[in-house]
């Protein structure tokens, strides 16, 4: 189901087209985690964090997501917190799965640190 036909949900992982991109931005079609608030799920744009399988190359705020039956990732992945961005729904291909409540809690905490919202 395409994101344009479906209200995307906080904590879901979708295949997202990151092209065109420039410089150090993430490229290609890749999994991304929806972090947008539930209250905004009908928005034309969706806020995500890209995922990478390069788990050993994490930054301070990045969060490891271990593959499981719920998230349906092919490999353990790293949520790249500093690359949070919003895309039009047309860039979203299909839903892969959903992360665990504990992983979502860790990602929310990392976002707060990254955005300086812990004060």
Exercise for review: Could you list all residues from region 22-33 that are in a loop (DSSP other than H, G, I, E, B) and surrounded by 13 or more Cβ atoms within 10 Å (Cβ to Cβ)?
Suggested key: 26, 27
Practice item. Answer yes or no as to whether residue 47 is in contact (Cβ under 8 Å) with a residue 12 or more places away in the chain, in contact with a strand residue (DSSP E or B) (Cβ under 9 Å, 6 or more places away or on another chain) and not in a strand (DSSP E or B). Key: no
Exercise for review: Tell me which residues, restricted to region 7-21, are surrounded by 20 or more Cβ atoms within 10 Å (Cβ to Cβ) and part of a strand (DSSP E or B).
Suggested key: 12, 13, 14, 16
Review point. Only one of these conditions is not met by residue 72: (1) at pLDDT 90 or above; (2) assigned to a loop (DSSP other than H, G, I, E, B); (3) out of contact with any strand residue (DSSP E or B) (no Cβ under 7 Å at 6 or more places or on another chain). Which number is it?
Key: (3)
Revision key, fill the gap. For residue 78, the lone unmet condition from (1) surrounded by fewer than 17 Cβ atoms within 10 Å (Cβ to Cβ); (2) in contact with a helix residue (DSSP H, G or I) (Cβ under 9 Å, 6 or more places away or on another chain); (3) free of Cβ contacts under 8 Å to residues at least 40 places away in the same chain is (1)
Exercise for review: Could you tell me whether any residue of region 58-69 is in contact (Cβ under 8 Å) with a residue 40 or more places away in the chain, in a strand (DSSP E or B), over 13 Å from the mean Cα position of the chain (by Cα) and surrounded by 14 or more Cβ atoms within 10 Å (Cβ to Cβ)?
Suggested key: no
**Study point:** Filter result for the condition that a residue is surrounded by 14 or more Cβ atoms within 10 Å (Cβ to Cβ), in a loop (DSSP other than H, G, I, E, B) and touching a strand residue (DSSP E or B) at 6+ places or on another chain (Cβ under 6 Å), over 36, 106
**Key:** 36
Exercise for review: For residues that are part of a helix (DSSP H, G or I) and free of Cβ contacts under 8 Å to residues at least 40 places away in the same chain, scanning just region 81-100, find the one that is surrounded by the most Cβ atoms within 10 Å (Cβ to Cβ).
Suggested key: 81
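The values are calculated or read from the model by the stated rules, or taken from the named source; none is laboratory data. Keep in mind that this is a model prediction, so the values were computed, not measured. Here Cβ is always computed from backbone atoms with ideal geometry, including for glycine, and neighbour counts include all displayed protein chains.
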